[in-house]
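Contents: one structure, followed by commentary.
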Amino acid sequence: MKQISVLGCGWLGLLLAKSLLKNGFPIKGSTTSLEKISVLEGNGIQAFQIELSEDEIKGEIDFFLSNSEILIIDIPPKLRSVSSENFVKKIQNLIPFIEKAKIEKVIFISSTSVYSDNNSVVTEATKPNPETESGKQLLASENLLQSNPNFKTTVIRFGGLIGEDRHPIHFLAGRKNIENPEAPINLIHQSDCIGIIQTIIEQNCFGETFNAVTPLHPSRKKYYTQKALEFNLPLPEFVNAKISIGKTILSDKVENVLKYKFGTL
C-alpha cells in the first residue's frame, strides 16, 4: 500500500486517518497540538506537530511529506475569530514542499460555501460565486492546487458536517426567530465523508471536483423539527418574515462516477 499523509487530524481528519490505517495504508498525520501527538501515536499513526501560517511552516514538513504518494489537506480556514488569517497564503507556502516531496496526488477538503445562496440547484458545472470570505479563500486555494502541473488534485466540496457527536440541532434546539425556514438542508455525515475519500483513493480518481452532500434536501424547518423530536429536545422556532434563501447541492457526480451510496442523516 502507498503511504498517505493527512494534514490536519482534527474532527474529520483523525477518524479518516484511523480508517485508512485499518484499510492497510501507512499513515502520517499532523496536528498543531503537542498534546494530541500521543493520541495519533496511540492509534498507530506516525505523528507530526505542524502548523501552517502566512509566513512560515513550523514543524518537520519535509519528513511529514516524504515517501507519501497522496496528501490529504483538511485544514479549514480560520476566519471567524478576531485574528483572521490569509488561508490562500498558507496554501501557497505549502505547495513548494508538495513539489519537493514529489507528491503525486492531493485531496483538498473544500466546502459548498464556494457557491452563492440564490435558491438555485447546484452541480459541479455551476460557476462558483462565493459570498463569504471563507468561501472566497477556499475557491482561490482550490484553483492554486488544481492548476499546478506537478501533482493531480481532487477537490471535495462538503456540505455541513454532522456526526454522532456533532449535530446542529443541539445548537438550534429551543431557539426562536430562526430565519430561512424553507431553505433546503445540505448536510453530510462524517462516515460518508470518509467513505467518499476512500473511494476516490481506491478508484484513483484524481484531477476531479466533487460536490459531496447527502441527496436529501427537506426544508430546515422540517428537518430540524424532526431531529428535535428524535433527540427529545426543545423545538426550534422559525420565522417567515423574509423569503428563505439557500441552494440545493446535487451530488449526482459522486453517485454516478464513484458509484458511491450515501448513508442516512
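For the reader, a short list of remarks on this structure follows.
- The set of residues in the stretch 158-182 being among the hydrophobic types (A, V, I, L, M, F, W, C) and either touching a residue at least 24 places away in the same chain (Cβ under 8 Å) or buried (at least 18 other Cβ atoms within 10 Å of the Cβ) (or both) consists of 158, 161, 162, 169, 172, 173, 178.
- Taken together, 94, 138, 71, 145 contain a single residue that is more than 28 Å from residue 255 (Cβ to Cβ), out of contact with any Cys (no Cβ under 9 Å at 6 or more places or on another chain) and not aromatic (Phe, Trp, Tyr), which is 94.
- For the stretch 11-25, filtered to residues that are crowded, with 17+ Cβ neighbours inside 10 Å and of a type outside the set (A, V, I, L, M), the residue that is farthest from residue 46 (Cα to Cα) is 13.
- Scope the stretch 253-265; condition surrounded by fewer than 19 Cβ atoms within 10 Å (Cβ to Cβ), in contact (Cβ under 8 Å) with a residue 40 or more places away in the chain and not in a loop (DSSP other than H, G, I, E, B); matching residues: 253, 255, 257
- Residue 128, sole failed condition from (1) within 30 Å of residue 244 (Cβ to Cβ); (2) in contact (Cβ under 8 Å) with a residue 24 or more places away in the chain: (2)
- Output for the stretch 212-265, where each listed residue is out of contact with any strand residue (DSSP E or B) (no Cβ under 7 Å at 6 or more places or on another chain) and under 17 Å from residue 124 (Cβ atoms): 215, 252, 255, 256, 257, 258, 259, 260, 262
- Checked against (1) touching a Leu at 6+ places or on another chain (Cβ under 8 Å); (2) small (Gly, Ala, Ser); (3) within 26 Å of residue 114 (Cβ to Cβ), residue 44 passes all but a single condition, namely (3).
- Looking across the stretch 53-86, the residues that are at pLDDT below 95 and not acidic (Asp, Glu) come down to 53, 76, 77, 78, 79, 80, 81, 82, 83, 84, 86.
- Test: residue in the stretch 216-223 that is in contact with a helix residue (DSSP H, G or I) (Cβ under 8 Å, 6 or more places away or on another chain) and among the hydrophobic types (A, V, I, L, M, F, W, C): no
So that you can scan it fast, the table gives a plain yes or no per residue for (1) in contact with a strand residue (DSSP E or B) (Cβ under 6 Å, 6 or more places away or on another chain); (2) of a type in the set (Val, Ile, Thr); (3) closer than 24 Å to residue 189 by Cα:
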position: 40; (1), (2), (3): yes, no, yes
position: 45; (1), (2), (3): yes, yes, yes
position: 73; (1), (2), (3): yes, yes, yes
position: 77; (1), (2), (3): no, no, yes
position: 85; (1), (2), (3): no, no, no
position: 116; (1), (2), (3): no, no, yes
position: 123; (1), (2), (3): no, yes, yes
position: 131; (1), (2), (3): no, no, no
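- Among residues of the stretch 131-152 that are touching a residue at least 24 places away in the same chain (Cβ under 8 Å) and under 17 Å from residue 205 (Cα atoms), those with a beta-carbon under 8 Å from a residue that is among the small types (Gly, Ala, Ser) and surrounded by 16 or more Cβ atoms within 10 Å (Cβ to Cβ) at least six positions away or on a different chain give the pairs 142/110.
- Residue within the stretch 233-247 that is closer than 30 Å to residue 72 by Cβ and in contact (Cβ under 8 Å) with a residue 12 or more places away in the chain present: yes
- From the list 36, 28, the one residue that fits, being modelled with pLDDT of 95 or more, basic (Lys, Arg), farther than 21 Å from residue 152 by Cβ and in contact with a helix residue (DSSP H, G or I) (Cβ under 9 Å, 6 or more places away or on another chain), is 36.
- Whether a residue is closer than 19 Å to residue 111 by Cβ, surrounded by 17 or more Cβ atoms within 10 Å (Cβ to Cβ) and not polar (S, T, N, Q) was assessed, and residue 98 does not pass this test.
- Residue 22 being in contact with a strand residue (DSSP E or B) (Cβ under 6 Å, 6 or more places away or on another chain) and of a type in the set (Lys, Arg): no
The values are calculated or read from the model by the stated rules, or taken from the named source; none is laboratory data. This structure is a prediction, so every number in the text was calculated from the model and none was measured. When we count neighbours, we look across all protein chains shown, and the Cβ atoms used for this are built from the backbone with ideal geometry, even at glycine.
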